[in-house]
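One structure is given below, encoded as structure tokens.
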Amino acid sequence: MRVRDESKVEAIYQQALKMIVEEGFDGLSMQKLAKAAGVSPATIYIYFKDRDDLLLQLYQIEADNYFAYVLVGFDPEMDFATGLSVQWKNRAQYMIDHPDKAHFMEHFKYTPLHKKCVLNRGRPFTVAMERFVSKAIENNELVKMPMAVYWSVAFAPLFNLVQWHKAGRSIGGEPFSLTDEMLQQTLGLVLKALKP
């Protein structure tokens, strides 16, 4: 049995991420990936069953890293406004600091493979978010609504601002750079919309 060489696995992950961001999912071939990572194609198949397995594992790693980052400084027992503010800052900072990883995760969600991902049930992020939301509803800080509605109101404005920041322009091509003041102003409006 061959010992797993973590440096080779990491090189495969990094090159796969780079190729996907630069060329899209269709641009990722195992031959090109092997060459870019400095390994033989056979080496890739030692660590991954196939291309789909590689993509699923890469997504799970990146998603776990992202969710761990979102939880930094966050406590599900925080009041709703404070907790949502921490999440917004963490999410924005991660997406700005790690644009390639954020790009990969966003686009992966729209592939058929995303349905095969391990659900986050029971994971620290999901447990913390479920507690945070249910406590906010109990404390009359948040109106009860379907999770999809909550997520759309609570986070879509943030993701939009970050996308504009990364592009350097907003509606009509206007130059745009996200400031903390803009982030707080938008968050204030979101909090008003979510209050009972």
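The values are calculated or read from the model by the stated rules, or taken from the named source; none is laboratory data. Keep in mind it's a predicted model, so treat the numbers as computed, not measured. Because the Cβ atoms are built from the backbone with ideal geometry, glycine has one as well, and the counts that use them run over all protein chains shown.
State all residues of region 145-196 that are free of Cβ contacts under 8 Å to residues at least 40 places away in the same chain and either surrounded by 16 or more Cβ atoms within 10 Å (Cβ to Cβ) or assigned to a loop (DSSP other than H, G, I, E, B) (or both); if no residue qualifies, say none.
Across region 145-196, the qualifying residues are MET145, PRO146, PRO157, TRP164, GLY168, SER170, GLU174, PHE176, SER177, THR179, THR186.
Filter region 73-121 down to residues that are of a type in the set (Gly, Ala, Ser) and within 25 Å of LEU56 (Cα to Cα) and give me whichever is surrounded by the most Cβ atoms within 10 Å (Cβ to Cβ).
Result: ALA102.
Residue-wise test of (1) of a type outside the set (Ser, Thr, Tyr); (2) under 22 Å from SER134 (Cβ atoms); (3) in the same structural domain as ALA136 (by TED's automatic domain parsing).
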residue	(1), (2), (3)
GLU62	yes, no, yes
PHE67	yes, yes, yes
ASP75	yes, yes, yes
MET78	yes, yes, yes
ALA81	yes, yes, yes
TYR94	no, no, yes
ASP97	yes, no, yes
ASP100	yes, no, yes
HIS103	yes, no, yes
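Select from region 35-72 the residues that are touching a Lys or Arg at 6+ places or on another chain (Cβ under 8 Å) and among the β-branched types (Val, Ile, Thr) and write down the one among them that is surrounded by the fewest Cβ atoms within 10 Å (Cβ to Cβ).
Going through the qualifying residues, I end up with ILE46.
What is the number of the single condition among (1) free of Cβ contacts under 8 Å to residues at least 24 places away in the same chain; (2) more than 24 Å from THR186 (Cβ to Cβ) that TYR59 does not meet?
(1)
Please determine whether any residue of region 33-40 is modelled with pLDDT of 95 or more, among the polar types (S, T, N, Q) and over 30 Å from GLU130 (Cα atoms).
no
Kindly provide the set of residues from region 15-73 that are among the β-branched types (Val, Ile, Thr) and more than 24 Å from LYS109 (Cα to Cα), ordered by number.
VAL39, THR43, ILE46
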